[in-house]
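Everything below concerns the one structure shown next.
We did not get these values from a lab; they are worked out from the coordinates using the rules stated. Since the structure is predicted, the reported quantities are computational estimates derived from the model, not experimental observations. With ideal geometry, Cβ positions are generated from the backbone for all residues, glycine too; neighbour counts draw on all protein chains shown.
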Amino acid sequence: MGSRMLAVIDSEAGEAARAVEGVPIWFEEWEMALSRFRPESELNRLNSRAGEAVGVSRTLWEVFQAARAAEAFTGGLVRPTMLEAILRAGYDRTFDRQDDEGDVAPPVLLASPASSLLVECDDAGQRILLPRGVQLDFGGVAKGWAAREAARRLDAFGPALVDAGGDIAVSRPPSDGAWPIGIRDPFHPEMNFETLRIRSEGVATSGTDYHRWRRGGRWNHHLIDPATGLPAETDVLTATVVAGDVTQAEAAAKYAVIAGSAQGLEWLEADPQLAGIIVTQTGEALFSKGMQKYVWRSE
Amino acid sequence: MKKKPSHRWLDAQVLIGTLSVAASVGLWRLFAAAPQPVAAGAPPVPTASPTESAPVSAQVEPLARLPTTRILLGGAAPRPPSFDSGGGPAPVTSTGSSRP
């Protein structure tokens, strides 16, 4: 998934250590199903067969359902049907292979990307029928789902934490009460500017600080505003969200980046299940009221 | 035969005369100056009163002059990212934009 992964079990048992060693195999399996950067992936096969009902694996089915839930949850702002816009913005290769100032189609105003909620699904047969012209890209939802699924599997050996490129799932509290999780300072990525006290929630960060590239004299990033089909023009550099579930936290963090700091903070505060910290391009850190209970202060 | 007055006495007389004229002219100017007219109903000279409230200006300061930090929608006071790891123990991991 093009990201660093970490799995931890709060146990000293040998079987727990062996379980952790198996995590990379799970991620490789999920990558083969969900990555658009693997030509032979199940997702690419589905995207190439728009217009026909295609049976999919349980993994792809669950991630697609999580992506649809994220779209509904964010009022359509975060949706998995933006692949064409993402490619036009220049995100056509894994980010470690991204180079600045390469050729890219000029940004154009696209028709509003289709809603994944309108994609026909056969629940009984786990089949998906993409309309012609529609392609899927799961992005962060896939990472969040993978983190949650791995944490759930590892929980058989003890309280587990899985970090999939900054999307962090925990199965339950560790023996000492809470997992300490840092929030990276986007201006000094080698440092944290806060530490969170997480018991059983999910945490995710989205931002334009790292996934960006320069094309045609302007900076682009991968967070597309569905209203324009272009990289969102936003005053937010990063948004970190704590939610009951990591896929929900991931979608909420993207919402805050795309919507901008004022609307993003208002939206986070309107939902008592969400808490967040928004760091703006100018270096302000805006804490939602619900964040107080998660920030780890020295006693 | 009258004794001729001395020069010293004449000098004293001239000096006394000069001083008298100067004093007369000075006192004349002092008392002959016309009194300042006071118009009926003229507004009093404004004076500051400690009990008066300061006048309120309706002029709105341009946004550009506001401080750069803002409080948005009830969030805690904004602050620039501090460069310590916050309180608590060393983190198990960190969240941030995904990196390879």
**Request:** Taking each pair of different alpha-carbon atoms in segment A:161-292 once, compute 1/r for the pair, average those values, and report the inverse of that mean as the Kirkwood hydrodynamic radius in Å to one decimal.
**Result:** 15.0 Å
**Complete:** With x for Gly and Pro, the residue-by-residue ³J(HN,Hα) of segment A:246-251, computed from phi through the Karplus equation 6.51 cos²θ - 1.76 cosθ + 1.60 at θ = phi - 60° and given in whole Hz, is 5, 5, 5, 4, 5, 5
**Request:** Considering the options A:Gln248, A:Val56, A:Ser11, tell which one lies farthest towards the positive end of the dipole of chain A, charges being +1 on Lys and Arg and -1 on Asp and Glu at the Cβ, about the Cα centre.
**Result:** A:Val56
**Request:** Can you work out the PRE-style zone for A:Arg49? Point 7 Å along Cα to Cβ, and I want the residues of segment A:110-149 with backbone N under 11 Å.
**Result:** A:127-130
**Prompt:** log₁₀ I(q)/I(0) of segment A:148-204 at q = 0.26, 0.28 Å⁻¹, via Debye over equal Cα point scatterers, no solvent, to two decimals?
**Reply:** -1.02, -1.11
**Message:** I need the fraction of alpha carbon pairs in chain A separated by more than 35 Å, rounded to a whole percent.
**Reply:** 17 percent
**Item:** Order of A:Val279, A:Val295 under a 10 Å beta carbon neighbour criterion, fewest first
**Value:** A:Val295, A:Val279
**Complete:** When A:His188, A:His222 are arranged by how many other beta-carbons sit within 10 Å of their Cβ, fewest first, they go A:His188, A:His222
**Message:** Check which residues have an amide H placed less than 5 Å from A:Leu196's amide H, if you skip close sequence neighbours.
**Reply:** A:Ile181, A:Gly182, A:Ile183, A:Trp296
**Prompt:** How much length, in nm to one decimal, is gained on full extension between A:Arg127 and A:Leu6, taken as 0.36 nm per residue of separation minus their Cα-Cα distance?
**Reply:** 40.3 nm
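Hey, fewest Cβ within 10 Å first, where do A:Val236, B:Val21 land in order?
B:Val21, A:Val236
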**Message:** 5 Å is the cut-off here: which amide hydrogens, built 1.01 Å from N in the peptide plane, fall below it relative to A:Leu286, excluding neighbours closer than 5 in sequence?
**Reply:** A:Ile278, A:Val279, A:Thr280
**Choice from A:Gly165, A:Gly14, A:Gly264 showing the highest fluctuation, given a GNM over chain A with Cα pairs closer than 10 Å** = A:Gly14
**Message:** Once you compute Rg and the Kirkwood Rh from C-alpha atoms, what is the Rg to Rh ratio for segment A:246-299?
**Reply:** 0.97
